Every structure is written in structure tokens, then in C-alpha cells.
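Here the structure is laid out as C-alpha cells; the discussion comes afterwards.
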Amino acid sequence: MRIVIVLILLILMPAFSCFSDESKLVTLTAIEYPPYTSQELDNGGFLEDMAKSAFSLSGYEVEIIYLPWNRALEMTKRGSYDGLMDMWYRVEREEFFIFSEEMAASKIGLLKRKDNPATAASYEELKAYRIGVVRGYANPPQFEAMHDQLQIDEADGEITNLKKLLGKRVDFILMDLKVGRHLIKTFFGDKSHMLVALPWILQNDPLHIGFSRKAMDIDAKVKAFNDGIKSLKASGEYQKILERNGVQEVDE
């Protein structure tokens, strides 16, 4: 009888092991949003590096799935994945997401061509100009409130918007300035002298992981991440992650 029991346990052990491993796996969606997250960067960008480091302190493995923004948002919202990286907090999103501790600051501003005399320092002044935005992004609340009064030109991504700006199809593009600097340097290096950011910062938005309220064991995963990010900051490892990814300050 003992031999039979031992044999049964040996047969079942791989199944138990697999179940245990799956319970310590976190699946996160992300978009191409360098230098924060990108499949083209070492360590996946500094936020991907940070997320994996924070979760590892609680024994979690992290799988990152790159998707277009709207698809990532909808699939995470319904619980197909545990969380979505690079998310700004918005009240209307609380119905679907639990927001993590802040990971970094995202300065939202306007880029323009240097040879374009257009300028703005208020939302009222923006009414006179064509503004490129990314479809599906949560733009600054005051910008969204004036959406019907502004000349909005939507695109599927930041690179398309930069091409529109260089081609004089829009006057400004609204974007994270750190992302703008990275994309201009990477894809438009020979034309970087043609573009400039306006001094006006429309919003300084913290970036979070938005955890799906419909995902399994999500409270434990949120706690693991939040505890992990606090530990990284307290130990100095947070700053080391920034430095090894070429980022000096999270709000530079």
C-alpha cells in the first residue's frame, strides 16, 4: 500500500509544482513607450526592469506582453492579464483597475517645429492650432474637457504624430516629453534640430501599474508589488535601476 501511495504522489508532484509556479506568475501588458517600456531596450526599459525587481522580492516571476494600447487596456480590464504598465491615474478607471504605488513621473507637454511661430501657454490659446494626440490615451483632464473646442488630430502612435509634425500637418503634438526625446533621438536624429518643446507643462502625471480588478489573486499581487517598490526605494536599489537604464531622474 505504501508503494502505491508513493507512486501516486510521484505522479501528482509535477501537477502540484506547475500549479504552484502559476500562482507565482504575474502577467503584465505593456506598450512601446520608451524609455519606460520597450522590447527594443536593454531590460525592457526602466519601468519593466523596476516591475520585475519589485515582484522578485516576493518570489513572483513576471511575464510582459506587448500590445497596442487600446487592446492592452481592454484585455487587462476584463482580467485576461493581471495588470497594465505605463498607466496614468484617472477617476473613471478606478471601476476597472487598482492603481499601484507611483513608479515614475510623466511630464506631458507640447512639441512643435522650431520654424513654426505658434506658441501657447494656456488651453484657451490652443484653440487656434491643430494638435496631434494618440488615439485612446488619457490626456490631461482639462485638455479632455475642451476636446470639442480644440482642433484634435488623432493617430495610432507617437511616431506617426512626430511624422505629422515634421510634415507640417499639425502645429503641436501632445506627449510625454521623455518619450518624445527618446523617439526623436532614435528615429529622427538627423531632424532633431527641427523640433522643440514648449515651456508649458500641461500635466505632471505619475505612472502606475493598473491592476485588473477581475484578475485572480489580484490583492496579493498588488501588495507584493507595492511592498517591493517601497523596499527598492528604501534600499537604494531603485536609484541603481534608473542608473543602469541610463535614467538619472524619474522626473527629468
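Couple of notes before you dig in:
- Under the simplified labelling scheme, the Lys230-Glu144 pair shows an inter-label distance of 2.9 nm, with each label point 7 Å from Cα along Cα→Cβ.
- Local net charge near Val196, Cβ-Cβ under 13 Å (Lys/Arg +1, Asp/Glu -1): +3
- Electrostatic bookkeeping for Lys233 treats Lys and Arg as +1 and Asp and Glu as -1; over the other residues with beta carbon under 12 Å from its beta carbon, the sum is -2.
- 3J(HN,Hα) from dihedral phi, the stretch 151-162, Karplus parametrisation 6.51/-1.76/1.60, rounded to Hz, x for glycine, proline: 8, 8, 10, 8, 9, 7, x, 5, 5, 4, 5, 5
- Pairwise centroid distance, computed over Cα atoms, of the stretch 155-195 with the stretch 197-240, Å: 27 Å
- Each residue of the stretch 56-72 was assigned a 3J(HN,Hα) from its phi angle through the Karplus curve 6.51 cos²θ - 1.76 cosθ + 1.60 (θ = phi - 60°); the sequence is 4, 5, 10, x, 8, 8, 10, 10, 9, 10, 8, 9, x, 3, 4, 5, 4 Hz, with glycine and proline shown as x.
- In order along the stretch 100-109, the phi-based Karplus estimate (6.51 cos²θ - 1.76 cosθ + 1.60, θ = phi - 60°) of 3J(HN,Hα) comes to 6, 4, 4, 9, 6, 9, 10, 8, 9, x Hz; Gly and Pro are listed as x.
- Ascending count of other beta-carbon atoms within 10 Å, so fewest first, for Asp217, Asp190, Asp153, Asp49: Asp190, Asp217, Asp153, Asp49
- Cβ crowding within 10 Å averaged over residues, with 198-210, 223-235 ranked highest first: 198-210, 223-235
- Mean residue ellipticity (222 nm) of the chain, computed from DSSP H runs ≥ 4 via -39,500 (n - 2.57), nearest 500: -11500 deg cm²/dmol
- In terms of other Cβ atoms within 10 Å, Leu57, Leu183, Leu165 run from fewest to most in the order Leu57, Leu183, Leu165.
- Within-9-Å neighbourhood charge of Ile108 [Cβ basis; K, R +1; D, E -1]: -1
- Projected label points at Asp219 and Val91, each 7 Å from Cα along the beta carbon direction, are separated by 2.6 nanometres.
- Tilt relative to the chain, helix 218-235 - C-alpha long axis, 0 to 90 degrees, to 10: 70 degrees
- Computed over the stretch 50-170, the alpha-carbon pair-distance distribution with 5 angstrom bins reads 2, 8, 16, 18, 18, 13, 10, 7, 4, 2, 0, each value a whole percent.
- Scanning residues 5 or more positions from Val26 or on other chains, those with amide H under 5 Å from its amide H are Glu61, Val62, Glu63, with H placed 1.01 Å from N in the peptide plane.
- Directionally averaged projected area (convex hull, Cα atoms, the stretch 106-204), nm²: 5.6 nm²
- With 0.36 nm allotted per residue and the present C-alpha distance subtracted, the Lys168-Asn204 stretch has 10.3 nm of extension available.
- Of the residues Asn116, Ala128, Trp88, the one whose Cα sits farthest toward the positive end of the charge dipole of the stretch 74-171, with +1 on the Cβ of Lys and Arg and -1 on the Cβ of Asp and Glu, is Asn116.
Any read-out appearing in this document is the output of simple, stated calculations on the displayed coordinates, not a laboratory observation. Keep in mind that what you see is a predicted model, and the values were worked out from it rather than measured. Backbone-built Cβ (ideal geometry, glycine too); neighbour counts: all protein chains shown.
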